[in-house]
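Notes for the one structure printed next.
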Amino acid sequence: MSPARLRIGQIDYLNVLPLFHTLKRAFPPSEVVQYVLGHPSQLNAGLADASLDAAPASAFEYLQHAERYELLPDLSITASHGPVQSVLLLSPVPLAELPAFMARTGNVVRLSAASASSSALLKVLWEFAWKLPPARWEAMEPGAGPAQDRPFMEIGNHALRCWLEKPAGWRVIDLAQAWQDYSGLPCVFAVWIVRRGLSASQKELLAEVHTALLHCKANCTDSMDEIATRDDLSAWISRRAMDNYFHYLDYDLGPAARAGLALYAEHCVKLGLLSGVPALKFAL
């Protein structure tokens, strides 16, 4: 009998790097555990077509297709007490001036194609928190935002670079902070999704990976010294900025995060983005 194999998606952003850096010490890349890099929408697609078995993927993907999936308990990517810094709306004018600006320019807002959760979050804030006029939502390639002449949403490392060095002439609005100000609850961007249909041996291996992930969650900051010296990161983010970034990130899925996720889902239903609010079903 061939050994169980798990294909685990890894968001190709800084936000999960400490977690995976630590996880790969316990489960190095091998024929048994394979890691597949991609942005959130790519991981969503991999879970949907069963080319991935588990991944920290868009909360919206789970809410939209809960019948396909289960979750790993006590794990998420959440902003609970301040700006997430890597999910942003950039506007050429202050929010109060956006209605007049958009009326002149065709009501277009461009969304990074990398994220489902963040796109839905912006639409929720647009309608319920900011009460702005209807927008024409257009997709754009990740990282293309600063070249735009319309309001745009960016996520991940591209957004974090904009937060650290704000582009001249653009107002930067942190969507996690805006959600917390509006709702009083954390903003859950990703949950650990598991596709249904794993074999018994895969589930056994998944339980071992989950145990390691919980250990990683508690200890992943121990790897920060090593991560901060990586050439691909130190070229654009300082250790101080990195520490500040992770100060506002939370990998838990506790009661407050679940309440925030449920409220987000309810608002998505009101906008017609979801047909209902599914229960959270766990794989282990």
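The values are calculated or read from the model by the stated rules, or taken from the named source; none is laboratory data. Source: prediction; values computed, not measured. FYI the Cβ positions are ideal-geometry reconstructions off the backbone, even for glycines, and counts take in every protein chain you see.
Residue pairs whose Cβ atoms lie under 7 Å apart, separated by 6 or more positions or on different chains, with the first residue in the range 53-81 and of a type in the set (Val, Ile, Thr) and the second assigned to a helix (DSSP H, G or I), are Ile77/Asn15; Ile77/Val16; Thr78/Ala257.
Sort out which residues of the range 10-40 are within 13 Å of the chain's Cα centre (by Cα) and under 13 Å from Leu52 (Cα atoms), and write them in order of number. Across the range 10-40, the qualifying residues are Gln10, Ile11, Gly38, Pro40. Note on the range 131-155: residues that are more than 20 Å from the chain's Cα centre (by Cα) and part of a helix (DSSP H, G or I) amount to 2.
From the list Leu47, Leu52, Leu63, Leu6, which one is crowded, with 16+ Cβ neighbours inside 10 Å, closer than 26 Å to Gln180 by Cβ and at pLDDT 95 or above? Walk me through how you get there before you give the answer.
On the way: Leu47 fails: closer than 26 Å to Gln180 by Cβ; Leu52 fails: closer than 26 Å to Gln180 by Cβ; Leu6 fails: closer than 26 Å to Gln180 by Cβ.
The unique qualifying residue is Leu63.
For Arg230, state whether it is under 18 Å from Pro83 (Cβ atoms), loosely packed, with under 15 Cβ neighbours inside 10 Å, in the same structural domain as Cys216 (by TED's automatic domain parsing) and over 18 Å from the mean Cα position of the chain (by Cα). Spelling it out, it is not the case that Arg230 is under 18 Å from Pro83 (Cβ atoms), loosely packed, with under 15 Cβ neighbours inside 10 Å, in the same structural domain as Cys216 (by TED's automatic domain parsing) and over 18 Å from the mean Cα position of the chain (by Cα). The listed residues are Trp170, Trp126, and the only one of them that is under 17 Å from Ala96 (Cβ atoms), out of contact with any helix residue (DSSP H, G or I) (no Cβ under 7 Å at 6 or more places or on another chain) and crowded, with 20+ Cβ neighbours inside 10 Å turns out to be Trp126. Of the residues examined, Cys220 is one that is under 22 Å from Gln34 (Cβ atoms), at pLDDT below 95 and touching a Pro at 6+ places or on another chain (Cβ under 6 Å). Inside the range 233-261, can you point out the residues that are among the small types (Gly, Ala, Ser), surrounded by fewer than 16 Cβ atoms within 10 Å (Cβ to Cβ) and within 18 Å of Leu72 (Cβ to Cβ)? Matches in the range 233-261: Gly254 only. Checked against (1) within 27 Å of Pro278 (Cα to Cα); (2) modelled with pLDDT of 95 or more, Pro40 passes all but condition (2).
All of (1) touching a Lys or Arg at 6+ places or on another chain (Cβ under 9 Å); (2) closer than 30 Å to Leu213 by Cα; (3) not in a loop (DSSP other than H, G, I, E, B) hold for Leu63 with one exception: (1). Only one entry of Ile237, Ile193, Ile173 meets the criterion of being outside the structural domain of Leu43 (by TED's automatic domain parsing) and at pLDDT 95 or above, and that entry is Ile173.
Within the range 97-114, not a single residue is at pLDDT 95 or above, surrounded by fewer than 17 Cβ atoms within 10 Å (Cβ to Cβ), under 22 Å from the mean Cα position of the chain (by Cα) and not small (Gly, Ala, Ser). Scanning the range 99-134 for residues being of a type in the set (Asp, Glu) and over 20 Å from Phe189 (Cα atoms) gives a total of 0.
Within the range 205-224, identify whether any single residue is of a type in the set (Gly, Ala, Ser), assigned by TED's automatic domain parsing to the domain that holds Asp49, surrounded by 15 or more Cβ atoms within 10 Å (Cβ to Cβ) and within 22 Å of the chain's Cα centre (by Cα), and answer yes or no. Looking through the range 205-224, at least one residue is of a type in the set (Gly, Ala, Ser), assigned by TED's automatic domain parsing to the domain that holds Asp49, surrounded by 15 or more Cβ atoms within 10 Å (Cβ to Cβ) and within 22 Å of the chain's Cα centre (by Cα).
Does Val269 fit the bill of being within 20 Å of the chain's Cα centre (by Cα) and under 24 Å from Pro73 (Cβ atoms)?
Numbers: within 20 Å of the chain's Cα centre (by Cα): yes; under 24 Å from Pro73 (Cβ atoms): no.
It is false that Val269 is within 20 Å of the chain's Cα centre (by Cα) and under 24 Å from Pro73 (Cβ atoms).
From the residues in the range 188-202 that are surrounded by 13 or more Cβ atoms within 10 Å (Cβ to Cβ) and farther than 27 Å from Ala265 by Cβ, which one is nearest to the chain's Cα centre (by Cα)? Here the answer is Gln202.
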